[in-house]
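Asks: Once you've had a glance at the structure underneath, I'll fire off some questions.
The values are calculated or read from the model by the stated rules, or taken from the named source; none is laboratory data. Bear in mind the structure is a predicted one, so any value in this text is a computation, not a measurement. All Cβ positions, glycine included, derive from the backbone under ideal geometry; neighbour counts span all protein chains shown. Heads up: the accessible areas ignore ligands, DNA and RNA and are worked out on the full protein's heavy atoms, side chains in. Shrake-Rupley method; radii C 1.70, N 1.55, O 1.52, S 1.80 Å.
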Amino acid sequence: RDPNNFPRPLEFLPERWVRKKDNKNEEGAGIQWEERYEDDNHGSTGEDFVPPANRDAFVAFSAGARNCLGQKLAIQESVTLLAILLRCLKFDIVPGYVPQPRKAGPIQRPHGGVPLIIQRRTSC
């Protein structure tokens, strides 16, 4: 909880890691987020500004002889949660959506994301 690494450490602030994407010129519903890097000072004015966190200071499970004892349990729980979500929710692409691929590193992803309709399954 070092304020040098995590600004305002006792508050829940996702803005340390991500920021809302300015998508005024793009079509699509919902809020889109993009990753923040240490040199990101976008919107650096005002009292509500939260500087980005130091990514090198956050190591989820660590490594080596002193790594997290609960690492395997946490990963298993996340897989279980994903399985429950996939079993209980139905994910459909918005009708009429045409993907516009763009190369974003080694993985291609559509420009503006994929708009989804998420519904609860009747069998769950």
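Asks: Name the strands (runs of 3 or more DSSP E) wholly inside the range 1-118 in which the number of residues that are aliphatic (A, V, I, L, M) and either modelled with pLDDT of 75 or more or in contact with a His (Cβ under 6 Å, 6 or more places away or on another chain) (or both) is 1 or more. Break it down stepwise before answering.
Replies: Values: elements: 18-20, 33-35, 89-93, 101-104, 107-110.
Once the strands (runs of 3 or more DSSP E) in the range 1-118 are filtered for at least 1 residues that are aliphatic (A, V, I, L, M) and either modelled with pLDDT of 75 or more or in contact with a His (Cβ under 6 Å, 6 or more places away or on another chain) (or both), what remains is 18-20, 89-93.
Asks: Output the residue which, of all residues in the range 58-107 that are among the hydroxyl-bearing types (Ser, Thr, Tyr) and under 29 Å from residue 122 (Cβ atoms), is surrounded by the most Cβ atoms within 10 Å (Cβ to Cβ). Full working, then the answer.
Replies: Filtering the range 58-107 down to residues among the hydroxyl-bearing types (Ser, Thr, Tyr) leaves 62, 78, 80, 97.
Pick out the ones that are also under 29 Å from residue 122 (Cβ atoms) and you get 78, 80, 97.
Details: 78: 10, 80: 10, 97: 14.
The residue in question is 97.
Asks: So which of 86, 69, 73 ends up being without any contact (Cβ under 8 Å) to a residue 24 or more places away in the chain and within 19 Å of the chain's Cα centre (by Cα)?
Replies: Unique residue meeting the criteria: 86.
Asks: Counting just the residues of the range 45-57 that are open to solvent by 80 Å² or more (accessible area, probe 1.4 Å) and farther than 13 Å from residue 5 by Cβ, which one comes out nearest to the chain's Cα centre (by Cα)?
Replies: 48
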